[in-house]
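Read the figures in this text as sums done on the coordinates, not as results from a lab. None of the values given here were measured: they were computed from a predicted structure. Virtual Cβ from ideal backbone geometry, glycine too; neighbours counted across all protein chains shown.
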Amino acid sequence: MYLPDFDYHAAASVEEASNLLGSLGTEAKLIAGGTDVMRMMKEGTLALKSLISITRVKDLKSITHDQEKGVVIGALATHNEVMLSPVLQEKYMSVCETAHHMANNQIRNIGTIGGNIANAVPSADFLPILIALGAEITLQTSSGSRSMPLEDFFVGPRQSVIKQDEILTEIIIPEKGFSGSNYHKFGLRRSGALAVVGVAVAVTMEDNLCKDVRIALGAVAPTPVRVPEVEELLRGREISAALLEEAGQVAAANCRPIDDIRGSKEYRQDMVRVFTRRTLRKAIDAGHV
Ligand SMILES: Cc1cc2nc3c(=O)[nH]c(=O)nc-3n(C[C@H](O)[C@H](O)[C@H](O)COP(=O)(O)OP(=O)(O)OC[C@H]3O[C@@H](n4cnc5c(N)ncnc54)[C@H](O)[C@@H]3O)c2cc1C
């Protein structure tokens, strides 16, 4: 597999990258780590005249905590930088654990959290846990920016609301007072495999009472999805084994998986039942977010 010819632009700022994207049009794309873009260009599933790299843009890599905003993750932070971030290890260990279970060390060293989101692949691992934690994203152009809840970004497999000249610059996880969170990736191998089912839970417990909960599923619908039916079932209830089993069943009944090489629709639905129950239990027992 050889790469076709293309023009390469190394933008020094978000403004420059946005202007290039606007002027070069739909035959140009951003490249961050390149783990998806390069593979698709080699395979011939993505034909582009120009690539615009943003890896030289400063200030898009940091992971910081801001008292008002919450945890702010730069879109260019790699999976390994997310995994090893002291801020995330203290505030949202579940996000670090998610990064740890992604791909392999080489990919984790160059693949970025922004690329994982912008790609809009339904099985992408960061999406369910960030949605469960209520993350918001910022999209920036040379003339302004807009923010939205991450869950509103996706419209279909590899499709999102991003405009041609927009750049995803940061992911913000606001303080929501969760007592525990967890992401379970169920793949066909222990590592290096895409999720067949991904379940993420963020919960606020008071003793055994579920005060609040957010649940997001990956790889079982055209986009990552919340399951409000399960959240409503659990909110304000004392947690019991029977309630968690019911939660799994309701989640399975409310997702829309497809048959593919990694699992049938029925298999995925059953795995949603099992892993919703288990991930809820882990988040409830976690004692940390
Ligand atoms: C061997 C292998 C294993 C993998 N395993 C996993 C896995 O276990 N879990 C998983 O979720 N993924 C996995 N992936 C997919 C991939 O590594 C991730 O999706 C990665 O996070 C993509 O980031 P990137 O920086 O390499 O994106 P790129 O390839 O550079 O870009 C991907 C897309 O996002 C756009 N983009 C990138 N950054 C931005 C930005 N800041 N703003 C707007 N658009 C942007 C690009 O234009 C492109 O359309 C794997 C890939 C490989 C090759």
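Rounded to two decimals, what ratio of Rg to Rh does the chain give with C-alpha atoms and a Kirkwood Rh?
0.98
Place a +1 charge on the Cβ of each Lys and Arg in segment 109-179 and a -1 charge on the Cβ of each Asp and Glu, then give the dipole magnitude about the Cα centre in debye, rounded to the nearest 20.
Once rounded to the nearest 20, the dipole reads 120 debye.
Report, to two decimal places, the Cα Rg of segment 180-286 normalised by 2.2 N^0.38 Å (N = number of residues).
The value comes to 1.02.
Before rounding to the nearest 500, sum -39500 (n - 2.57) across all DSSP H runs of length at least 4 in the chain and divide by the residue total; then give [θ] at 222 nm in deg cm²/dmol.
Helix-only estimate at 222 nm: -9500 deg cm²/dmol.
Could you tell me which trypsin sites (Lys or Arg not before Pro) in segment 1-77 are loop residues by DSSP with no more than 11 other beta carbons within 10 angstrom of their beta carbon?
LYS58
Which of ALA216, ALA253, ALA135 ends up with the largest GNM mean-square fluctuation for the chain, with Cα atoms connected below 10 Å?
ALA253
Given a Förster radius of 45 Å and the C-beta distance between LYS176 and SER23 as r, what FRET efficiency does 1/(1 + (r/R0)^6) yield to the nearest 0.05?
So the FRET efficiency works out to roughly 0.65.
Arrange VAL87, VAL250, VAL82 by Cβ neighbour counts within 10 Å, fewest through most, would you?
Sorted ascending by nearby Cβ count, the order is VAL87, VAL250, VAL82.
Roughly what angle does helix 14-24 make with the longest principal axis of the chain, taking Cα atoms, 0 to 90 degrees, to the nearest 10?
Result, in degrees: 70.
Determine the sum of side-chain charges near ALA12: Lys and Arg each +1, Asp and Glu each -1, restricted to other residues whose C-beta is under 10 angstrom from that of ALA12.
Residues near ALA12 contribute 0 overall.
How large are Rg and Dmax for segment 192-254 when calculated on the C-alpha trace, in angstrom?
Reported Rg and Dmax, both Å: 12.4, 38.
Taking amide hydrogens as modeled 1.01 Å from N in the peptide plane, which residues meet the under 5 Å criterion relative to ALA10, leaving out close sequence neighbours?
Placed amide hydrogens put SER53 under 5 Å from ALA10.
What ranking of VAL199, VAL37 emerges when the number of other C-beta atoms within 10 Å of each C-beta is taken as an exposure proxy, fewest first?
Ordered by Cβ neighbours within 10 Å, fewest first: VAL37, VAL199.
Length gain on complete extension for the stretch GLU43 to TYR8, per 0.36 nm per residue less the alpha carbon to alpha carbon distance?
Result for the pair: 10.7 nm of gain on full extension.
Please give the residues of segment 221-239, grouped as numeric ranges, whose backbone N is less than 16 Å from a label point set 7 Å along the Cα-to-Cβ vector of ILE258.
Those under the cut-off are 221-225.
Only Cα pairs under 8 Å and at least 6 apart count here; give the relative contact order of segment 1-147 as a rounded whole percent.
23
As an exercise, find the ratio Rg/Rh for segment 96-246 from alpha-carbon atoms, using the Kirkwood inverse-distance average for Rh.
Ratio value, two decimals: 0.99.
Mind giving me the FRET efficiency for ARG281 and SER191? R0 is 25 Å, r the Cβ-Cβ distance, nearest 0.05 is fine.
Efficiency computed from Cβ-Cβ geometry: 0.60.
State, to one decimal in nm, how far the label point of GLN67 lies from the label point of MET148, with both points 7 Å from Cα in the Cβ direction.
3.2
Could you work out the relative contact order of the chain, using alpha carbon pairs under 8 angstrom and six or more residues apart, expressed as a whole percent?
16
For the chain, find the longest principal axis of its Cα atoms and tell me its angle to the long axis of helix 241-253, 0 to 90°, nearest 10.
The answer is roughly 40 degrees.
Given R₀ = 30 Å, FRET efficiency for VAL161-ASN208 by Cβ-Cβ distance, to 0.05?
0.15
Defining a contact as two alpha carbons under 8 Å apart and six or more residues distant in sequence, what relative contact order in percent does segment 7-53 show?
Contact order relative to length: 56 percent.
Give me the number: length gained by fully extending LYS265 to GLU245, i.e. 0.36 nm times residue separation minus the C-alpha to C-alpha distance, one decimal in nm.
Fully extending the segment from LYS265 to GLU245 adds 5.2 nm.
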